[in-house]
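Peer 1: Provided herewith is a single structure, encoded as structure tokens, for subsequent inquiry.
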Amino acid sequence: MYPSRFKYESPKTIEAAVALLDAGKGDAKILAGGQSLVPMLKLRFAFPDQIVDINNIPGLDYHRFDADGSLHIGALCRHEDLEHSAEIAERQPTIAAAAPLVADPIVRTRGTFVGSVCHADPQGDWAATMIALGGHLVVQGPKGKRTIDMKDFVLGPYANALNYNEIAIEAVIPAPKGVARGGYLKLERRVGDFATASVAVALDMDGNRVLRAGIALAGVGGKTIDANEEASALVGHDLTESIIDTVAAAVAAKAEPRTDHRGSSDYKRQIVKTFVKRILVAQIAEKVA
Amino acid sequence: MSLDEIKIGGLGASRRRVEDNRFIRGKGNYVDDIVLPGMLHMEILRSPVAHARIKSIDTSAAWDMPGVRLVLTGEMMAARNLAWMPTLSYDTAAVLATDKVRFQGQEVCAVIADDPYIAKDACAKIVVDYEILPPIVNPVQAAAEDAIQIRDDKAGQVGNKVFDWEIGDKARTDKAFEDADLVSKVEMHYPRTHPSPIECCGSIADFDRATGKLTFYVTSQAPHIVRAAVALVAELPEQQIRVVSPDIGGGFGNKVPVYPGYVVSILASILTEKPVKWIEDKTGNLISTGFGRDVYLKGEMALRKDGKILGVRMNTISDHGAFFADAQPSKFKIGLMHSAFACYDIPTAHMFATGYYTNKAPGGVAYRCSFRVTEAMFFQERMVHAAADDLGMDQAEFRRVNFVKDDDFPHRTAFGFLTDSGQYEKCLNVGMEAIGYKDFAKEQEEARKRGKLLGIGISTMTEPLGAGNSREYDILGIKMFDSAELRVHMTGKAILRTGAKTQGQGHETTWAQIVAHELGIPAEDIVVEEGDTDTAPFGMGTYASRSTPVAGAAVSMAARKVRAKARKIAAHLLEVSEEDIEWELGRFYVRSNSDRGVTIQECAMAAYSNMPDGMEPGLENTAYYDPPNLTWPFAAYFCKVEIDPETGVWDVLQFVAVDDCGVRINPMIVEGQIMGGLTEAYAMANMQYQTYDEEGNCIGANYMDFLLPTAWETPGFELYEVVTPCPHHPIGAKGVGECATVAGPAAFVNAVVNALSHKGVRNIDMPLMPNRVYEALTTGKDVYGMPPVRSGN
Ligand SMILES: Cc1cc2nc3c(=O)[nH]c(=O)nc-3n(C[C@H](O)[C@H](O)[C@H](O)COP(=O)(O)OP(=O)(O)OC[C@H]3O[C@@H](n4cnc5c(N)ncnc54)[C@H](O)[C@@H]3O)c2cc1C
């Protein structure tokens, strides 16, 4: 690989990293897992002056549930940490379902959850998951910390709401009301492929009654598709096949797929509808037991 | 007492691959591992567009960069008569573009610099002014009356047609169709794909002004052909050219042609008087080097009610890209496409083939297959499947009725090949038993009632592997024989060199096994060396499954010559006449007293220390082998699939592969070849193709878009063997490297089509991506990947 010339720094603190980004005035880039940035350097789609490697900053490689039930994922938590976490498997079904479908096992050892969300690839799995879960990011810049809601974070393909001198240090998924349920389904051509279409569904439930519902889609639009409004039709209702059909149709309509060599837009909508249905039907109380 | 052949690693031993010792330790020695003092690095600037006239090229900013030693353009090549080079199919191909660019990724300029970073930076500084021309991305466009001419460089070229070619008996075939009870017709496209070896192409040219010698390290499956090409194109004297193919990270046919990068690196070394390294990147490899397939078929079969095939018509249209650069025997324009239907007893057949230029990468065309045999067998088995369905006949039964029978060999095929051996029906039976064929129809019926879609597909074929014989097969006039040279040292150890070149096939392991079989020298005592034209005997290289049939036979013959000499030495040592000597593995003995004997190792020592009067010292010999015929392995593959009706996703439930490749030298390696080939077959059936958009942009320019399957999604394969020795090969072996890639795809496709046949679906073009399957399932119509192309006549 022969990228164009860049300077490389590996600061030991978030503050030092922020200072480097600030000094870079937009021409500095964070390197986390490198699984999106390095391919872009290789192809010379990205040619930053300065690389700020955050892998040597201690204390960012965590994921934990706080006492209130909220889930916190640090900037250096790798995809595979989430994939292999017993706590995630038990308490956060949407993330647990998505983790083994992100990229391939090799990429998952290095790629980070937060890096993926920041990368805002319209086909990326974690941005969709975060939107469905109603999460937010904690970011740090020269003036300190702020939070950005996921619904405001993805601005377009590969574009996010961070300022050039801000680092996302943590992703937060709020505590569920009731029991967290949900799933993730993805149509891919082979392992390690980005989604032709994928669906993240996150529900908070009390028995068979939906207290909160979030749905987001990847691969079927110019950016991650936020279908939380369509999903909210479930709130306050028992999960039944008929309401599921209605919501699945509404979510499919919200998708903005393009016809390409992976299939027609109609086909991709059909996949979205099928996946929404499959995930929701599997959450109907008697089927869960 | 005779040696235990398996113990010494002879024929039939599943000996571990000796080359893996260095490969799994990361100690392979590939072209890119070679570093020479003062070496410079070359980068190629490629065309971003598919078709354009070059108005001007400004290289001044590149020249100005520190560390840049040379910038080469087409014009500079032309000044040395090197802007164009001959292809392996009697056409010309541009080295660096002069007048026009004719496909995306075509080589336009080359920068030679102190390191690869500088070379790449400097490429970005070259300004090329292109006048965009309309791109032609398929044969329909190429054939249109008002189509722009791609090859306006060629005097006498009419339109965009490369050739019309036909074979078979047209009148007799027409008559068979008149007499038929039923005519079955299908149309399909075998999409373009790419061999995609993990190691890309590359070379280091090291021209020494003082000695006049060019040493050329190159990723070539056929180093001797490269030496010949360099001698002819670069006009260097052949004795001053040494071509070295070191370890090669996969070839699959991609590394047979001579590429522009090779030629330019040689000129660059001559001009700079420094070694020049060129290592292609993955995108360069995928968008500019030899692809495979890209053929359209209109197939027709004349049938009798009872299932007998009366005649076959095949019309093919092939897309060759910008230059006709197919690597194939010179007699045949569409490779060995006419090997189709070789396993069936068919009275008459006719084929008409037309080739077109398009604004796509030029060919190599054989991706793990003997010159289009893959297309031939795929078309054959898809036509057979459709015909059985049209007749309402069972798929296995239809094949059985039409197979050439065991005692009908030698058999002249309808297109003129001579097949010599096989047990087709036995292979079919083994496969049917293994997959549970007789219960399947019921299983499928019941599954359909539950809304599940099951399908079964069969693919059976015999294919011609191991070109030549020299009467019929040559490349640019050089006959397709091969060679081996065996030198036994005084301690009874040996070195063997051949004109082939291993790239994963395991020659270092299996050639030693053949010598062990012939001489009784343990395989581990034999070193195998290939790829250096200064030391190896001349041979045509490794592709088309030809190494075992041709070079492997030469190994046997060289060893037998050595044994003949050793026999004379044994007679001398045992003080009896040669006629009184008997041979058993590893030892000569006196017929009347088997206790009195000498080992091959004792003979070897005597060859250097105690030879008979008047005998030349030493124990070595060379054999050039010109096979009497091709070898004809047989494959019977069975695939069972289940389709998810809501998504079109299909899963392989079971895959059974029965292979008869004659005598197996190393069963483990044979199984590895079959597993690998089936994986590639699965790739082509399921996900892999090299496609282009309307503007001629190549969609599969990297591994996110050009898909190689991983262990994750590749189904399991169950392998079975039947052994029918090759009647003319010295050890009865047949080619096998390509059987699975060739026979595999049709098994998958036939299975998916079978699952949808009750909806009226007869064809889905590969790759059978879920969206295509879903479309067929919901519309009940055939799905074509490309617009159907009208035939050329
Ligand atoms: C072969 C392959 C297959 C893949 N398949 C998939 C797939 O199926 N699904 C999928 O979702 N992804 C896939 N990916 C992408 C992968 O998930 C990446 O890991 C992820 O998108 C980026 O995370 P990273 O830590 O590697 O980020 P990096 O590559 O290091 O960075 C990505 C971008 O985000 C920025 N960034 C990173 N961290 C931060 C931070 N803390 N704050 C601010 N900005 C930051 C970087 O500056 C850069 O612009 C694949 C990658 C590969 C190589």
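The values are calculated or read from the model by the stated rules, or taken from the named source; none is laboratory data. Note that the coordinates shown come from a computational prediction; the quantities given were computed from them, not determined experimentally. Quick reminder, even Gly has a Cβ in these numbers, built from the backbone with ideal geometry, and neighbours come from all protein chains shown. Quick note on the areas: whole protein, heavy atoms, side chains included, nothing else; ligands and nucleic acids left out. Shrake-Rupley method; radii C 1.70, N 1.55, O 1.52, S 1.80 Å.
Peer 1: Could you give the Stokes-Einstein D for chain A in µm² per second, using the C-alpha Kirkwood radius, 37 °C, 0.692 mPa s?
Peer 2: Using the Kirkwood radius from Cα pairs, D works out to 170 µm²/s.
Peer 1: What average count of beta carbons from other chains do you get within 10 Å of the Cβ of residues in B:767-780?
Peer 2: 3
Peer 1: List the aspartates and glutamates whose alpha-carbon lies under 18 Å from that of B:K781, not counting same-chain residues fewer than 8 positions away?
Peer 2: Correct list for B:K781: A:D266, B:E187, B:D389, B:D390, B:D644, B:E646, B:D765.
Peer 1: In 10 Å bins starting at zero, report the fraction of Cα pairs in region A:63-173 per bin as a rounded %.
Peer 2: 15, 51, 30, 4
Peer 1: Based on the Kirkwood radius over alpha-carbon pairs, what value in µm²/s does the Stokes-Einstein equation return for the translational diffusion coefficient of region A:179-288 at 4 °C and 1.567 mPa s?
Peer 2: Result for D is 94 µm²/s.
Peer 1: Between the alpha-carbon centers of region B:434-449 and region A:245-272, tell me the distance in whole angstrom.
Peer 2: 34 Å
Peer 1: Please list, in chain and number order, the residues 5+ apart from B:L182 or on another chain whose amide H is under 5 Å from its amide H, with Hs placed from the backbone.
Peer 2: Here B:L303 satisfy the definition.
Peer 1: Continuing with this model, one more query. Taking amide H atoms as placed 1.01 Å from N in the peptide plane, list the residues 5 or more away in sequence, or in a different chain, whose amide H sits under 5 Å from that of A:N160.
Peer 2: A:L155
Peer 1: Additional query: Using Stokes-Einstein with the Kirkwood hydrodynamic radius over Cα pairs, what translational diffusion coefficient do you get for region A:7-53 at 10 °C and a viscosity of 1.306 mPa s, in µm²/s rounded to a whole number?
Peer 2: Answer, rounded: 148 µm²/s.
Peer 1: With both partners inside the protein assembly as shown, how many of the DSSP beta bridges are antiparallel, as a percent to the nearest 5?
Peer 2: Taking every DSSP beta bridge within the protein assembly as shown, about 80 percent pair in antiparallel fashion.
Peer 1: Counting only DSSP beta bridges with both residues in chain B, what percent are antiparallel, rounded to the nearest 5?
Peer 2: Rounded to the nearest five, the antiparallel share is 80 percent.
Peer 1: To the nearest 10 square angstrom, what accessible area does A:D27 show with a 1.4 Å probe?
Peer 2: 80 Å²
Peer 1: Which order do you get for B:I435, B:I57 if you rank them by accessible area with a 1.4 Å probe, largest at the top?
Peer 2: B:I57, B:I435
Peer 1: Given N residues in chain B, what is Rg(Cα) / (2.2 N^0.38 Å)?
Peer 2: 0.99
Peer 1: Name the long-range amide H neighbours of A:S70: under 5 Å, sequence gap of 5 or more, or other chain; modelled H, no Pro or chain starts.
Peer 2: For A:S70, whose amide H was placed from the backbone, the distant partners under 5 Å are A:A175.
Peer 1: Here is a follow-up. Please give every one of the lysines within straight-line cross-link reach of B:K125, meaning a C-alpha to C-alpha distance under 28 Å, and leave out same-chain neighbours fewer than 8 residues apart.
Peer 2: Answer for B:K125, where 28 Å is the Cα cut-off: A:K7, A:K25, A:K29, A:K42, B:K55, B:K100, B:K274, B:K277, B:K282, B:K360, listed by chain and number.
Peer 1: Which residues make up the longest stretch of chain B clear of chymotrypsin sites (Phe, Trp or Tyr not before Pro) that lie in a DSSP loop with no more than 12 other Cβ atoms within 10 Å, not counting the sites?
Peer 2: It works out to B:91-711.
Peer 1: Check region A:179-288 and count each lysine pair with an alpha-carbon distance under 20 angstrom, considering only pairs eight or more places apart or from different chains.
Peer 2: The number of close lysine pairs in region A:179-288 is 14.
Peer 1: Can you pull out the trypsin sites (Lys or Arg not before Pro) in region B:534-606 that DSSP calls coil and that have at most 11 other Cβ atoms within 10 Å?
Peer 2: The qualifying sites are B:R591.
Peer 1: Hey, got a sec? Which trypsin sites (Lys or Arg not before Pro) in region B:200-281 land in a DSSP loop and have at most 11 other Cβ atoms within 10 Å?
Peer 2: Passing both the DSSP loop test and the Cβ count: B:R209.
Peer 1: At a probe size of 1.4 Å, how large is the accessible area of A:H84, to the nearest 10 Å²?
Peer 2: Accessible surface of A:H84 is approximately 130 Å².
Peer 1: So what are the ³J(HN,Hα) numbers for region B:613-620, from phi and the Karplus equation (6.51, -1.76, 1.60; θ = phi - 60°), rounded to whole Hz, Gly and Pro as x?
Peer 2: Computed from phi, the couplings for region B:613-620 are 3, x, 8, 4, x, x, 9, 7 Hz.
Peer 1: Answer with one residue from A:A127, B:T542, B:S370: the one whose Cα lies farthest towards the positive end of the charge dipole of the protein assembly as shown, charges on Cβ with Lys, Arg +1 and Asp, Glu -1.
Peer 2: The one lying farthest along the dipole's positive direction is A:A127.
Peer 1: Using the Karplus curve 6.51 cos²θ - 1.76 cosθ + 1.60 with θ = phi - 60°, what ³J(HN,Hα) values do you get for each residue of region B:220-228, in whole Hz, with x for Gly and Pro?
Peer 2: 10, 6, 9, x, 5, 5, 4, 4, 4
Peer 1: Sort out for me the Cα centre separation of region A:109-179 from region B:310-335, rounded to whole Å.
Peer 2: Centre-to-centre distance over Cα atoms comes out at 54 Å.
Peer 1: Same structure, new question: What order, most packed first, do the peptides A:9-17, A:143-151, B:152-160, B:491-499 have when packing is the mean number of other Cβ atoms within 10 Å of each residue?
Peer 2: B:491-499, A:9-17, A:143-151, B:152-160
Peer 1: DSSP loop (so not H, G, I, E, B), at most 16 other Cβ within 10 Å: list which trypsin sites (Lys or Arg not before Pro) in region A:23-115 pass both filters.
Peer 2: Taking region A:23-115 and a limit of 16 other Cβ atoms within 10 Å, the loop trypsin sites (Lys or Arg not before Pro) found are A:K25, A:R44.
Peer 1: Oh, and also: Based on the inverse mean of 1/r over its pairs of different Cα atoms, what is the Kirkwood hydrodynamic radius of the protein assembly as shown, in Å?
Peer 2: 31.8 Å
Peer 1: Give the percent of DSSP beta bridges with both residues in region A:1-146 that are antiparallel, rounded to the nearest 5.
Peer 2: Taking every DSSP beta bridge with both residues in region A:1-146, the antiparallel ones total about 50 percent.
Peer 1: If one computes the Cα centroid of region B:183-204 and of region A:12-62, what distance in Å separates the two points?
Peer 2: Between the Cα centres of region B:183-204 and region A:12-62 lies a distance of 40 Å.
Peer 1: Same structure, new question: Per residue of A:259-265, count partner chain C-beta atoms within 10 Å of its C-beta, then hand back the mean as an integer.
Peer 2: 4
Peer 1: First select every other residue whose beta carbon is under 11 angstrom from the beta carbon of B:P612; then total the charges, Lys and Arg +1, Asp and Glu -1.
Peer 2: Net local charge, B:P612 excluded: -2.
Peer 1: I've got another one for you. Averaged across the residues of A:189-195, what count of C-beta atoms belonging to other chains lies within 10 Å of each residue's C-beta?
Peer 2: 6
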